[in-house]
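Here's the structure, in structure tokens; my notes come after.
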DNA sequence: TATTTAATTAAACGTATGATTAAATTATGC
DNA sequence: GCATAATTTAATCATACGTTTAATTAAATA
């Protein structure tokens, strides 16, 4: 017992190129999303990444540097995929495609909802401005554009307030994932693989037709 | 200048009966809701309450005791009002009444949404079980009951999945307040007094009829 | 009126924990 | 062979936290 798992110092044999850096980013994403910047120590991130704490400063200069790098690494590719998919979307299916892409992304990346709550919704969030510009800015936001197009095409009532409509849309699409831990408990662990698709169908239907008979 | 604002020790002249205790509860509610238990120090709560840090231990025994007292003080009266109003609600207006009461409560108490996120939604939240029992338990939950009644009365499609329907309902009613800081910025501070009523109207309409023409 | 009790303050206590850095060590690339 | 890149261990430095103690004053009690 007590087979000392102490690693030896010094440059490791070749093969790990950049994996330490990426392990740190992954560990940071998971921990910071769950508990927030202040509540997570550099040691904890290093442990989660199975890496020496000093490597944080070697690769990122500081805890703050690691956090910023993690945010960029997390959100830059996401927004690129969202914009490109929506730009090439067939008009008639744009709404459905938006729900699908958005909700699948949230479902597949469990660290996203809490991270969005922290950095977009919470007071002092670092991504609020950027997010609003991407999604809701007059004329330039993805959501704004989408709803205007749908109104022009007669698929959304013309007299509906576009901002309130966008709010309802985001509420229906995002909240189930924000509340996923509760949902899971309410459903009694019956949340299986096909759940996500049923949820998306249901959501699109409520958004368009409502629940009245 | 520097008019030393140092207070004198000793029992204060009569009149403040129990106000220190209540100031502490109010300060704790606001700070803990915003930043969470660990991120807020006893000194900060005492400062916010304009009270000496030692009073926390005098009245509540510990930081933990203060937090528990704050939660009880916050949620007990709330759930009582919700149940009593819903029990006496006229059937035909039950749905509307629920949206109104629920959303007005969230709108009037800005510390509620973040507190619910922390203590109900987040991993390890202390109120999760209690909340689920009150709102979503099979047979006994307010929401469950409400939706079953509405389906029986033919005001909600009978083939709609009750749990998914409840999820949509809560999403529409809660998310706008969770995201209020963002909403406010998107609306450009045009969130005025009548905003809440317009939001409630819009929400009920989307829930029942959807946004399609 | 004298004495005990309740409520408050200022100050200190002990300690735990955090981010960061320094020095030693080893492999790689030239 | 030699400079450099990547890693480990151990130490450093700071500070911020919950809690307690002793002094102090007004109210309550007898």
- request: Given the conditions (1) within 12 Å of DNA strand C (Cβ to nearest atom); (2) more than 15 Å from the chain's Cα centre (by Cα); (3) surrounded by 19 or more Cβ atoms within 10 Å (Cβ to Cβ), report the number of the one that residue A:95 does not fulfil.
  value: (1)
- prompt: Counting only residues that are away from DNA strand C (no atom under 15 Å from the Cβ) and assigned to a helix (DSSP H, G or I), how many does the stretch B:26-46 have?
  reply: 8
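Matching residues to (1) more than 7 Å from every other protein chain (Cβ to nearest Cβ); (2) over 27 Å from the mean Cα position of the chain (by Cα):
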| position | (1), (2) |
| --- | --- |
| B:150 | yes, no |
| B:158 | yes, yes |
| B:166 | yes, no |
| B:174 | no, no |
| B:177 | yes, no |
| B:180 | yes, no |
| B:184 | yes, no |
- prompt: Does residue A:80 satisfy being within 10 Å of another protein chain (Cβ to nearest Cβ) and either more than 16 Å from DNA strand C (Cβ to nearest atom) or surrounded by 17 or more Cβ atoms within 10 Å (Cβ to Cβ) (or both)?
  reply: no
query: Given the conditions (1) within 10 Å of chain B (Cβ to nearest Cβ); (2) under 15 Å from residue B:182 (Cβ atoms); (3) touching a residue at least 24 places away in the same chain (Cβ under 8 Å), and given that residue A:126 satisfies all but one, which numbered condition is not satisfied?
result: (1)
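Residue check: is residue B:154 at the interface with chain A (Cβ under 9 Å from one of its Cβ atoms), farther than 30 Å from residue A:126 by Cα and part of a loop (DSSP other than H, G, I, E, B)? Reasoning before the result, please.
Details: at the interface with chain A (Cβ under 9 Å from one of its Cβ atoms): yes; farther than 30 Å from residue A:126 by Cα: yes; part of a loop (DSSP other than H, G, I, E, B): yes.
Criteria met by residue B:154.
Against the definition (more than 16 Å from DNA strand D (Cβ to nearest atom), within 9 Å of chain B (Cβ to nearest Cβ) and more than 30 Å from residue B:39 (Cα to Cα)), how does residue A:88 come out, yes or no? If you could, list the steps in order and put the result at the bottom.
Numbers: more than 16 Å from DNA strand D (Cβ to nearest atom): yes; within 9 Å of chain B (Cβ to nearest Cβ): no; more than 30 Å from residue B:39 (Cα to Cα): yes.
Considered against the rule, which asks whether it is more than 16 Å from DNA strand D (Cβ to nearest atom), within 9 Å of chain B (Cβ to nearest Cβ) and more than 30 Å from residue B:39 (Cα to Cα), residue A:88 comes out as no.
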query: Which of the following residues is farther than 21 Å from residue A:123 by Cβ, modelled with pLDDT of 95 or more, away from DNA strand D (no atom under 15 Å from the Cβ) and within 14 Å of another protein chain (Cβ to nearest Cβ): A:41, A:30?
result: A:30
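Please count how many residues of the stretch A:63-77 are within 14 Å of DNA strand C (Cβ to nearest atom) and at pLDDT below 95. Show your work before the answer.
Quick first cut of the stretch A:63-77, residues within 14 Å of DNA strand C (Cβ to nearest atom) only: A:63-70.
Remaining after also requiring at pLDDT below 95: none.
Residues in the stretch A:63-77 being within 14 Å of DNA strand C (Cβ to nearest atom) and at pLDDT below 95: 0 in total.
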message: Show the residue pairs meeting these rules: Cβ distance below 7 Å; 6+ apart or different chains; first residue within the stretch A:25-45 and over 17 Å from residue A:69 (Cβ atoms); second residue within 16 Å of DNA strand D (Cβ to nearest atom).
response: A:38/B:39; A:39/B:38; A:39/B:39; A:43/A:53
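In the stretch A:186-198, which residues are within 7 Å of chain B (Cβ to nearest Cβ) and either within 26 Å of residue A:121 (Cα to Cα) or in contact with a strand residue (DSSP E or B) (Cβ under 8 Å, 6 or more places away or on another chain) (or both)? Spell out the reasoning first.
Within the stretch A:186-198, the subset within 7 Å of chain B (Cβ to nearest Cβ) is A:186-187.
Scanning the stretch A:186-198 gives a single hit, A:186.
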- request: Being part of a helix (DSSP H, G or I) and near DNA strand D (Cβ under 8 Å from one of its atoms) is the filter; apply it to the stretch B:47-57 and report the residue that is farthest from the other protein chains (Cβ to nearest Cβ).
  value: B:54
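The values are calculated or read from the model by the stated rules, or taken from the named source; none is laboratory data. As the structure is a computational prediction, the values presented were derived from the model and not from experiment. FYI the Cβ positions are ideal-geometry reconstructions off the backbone, even for glycines, and counts take in every protein chain you see.
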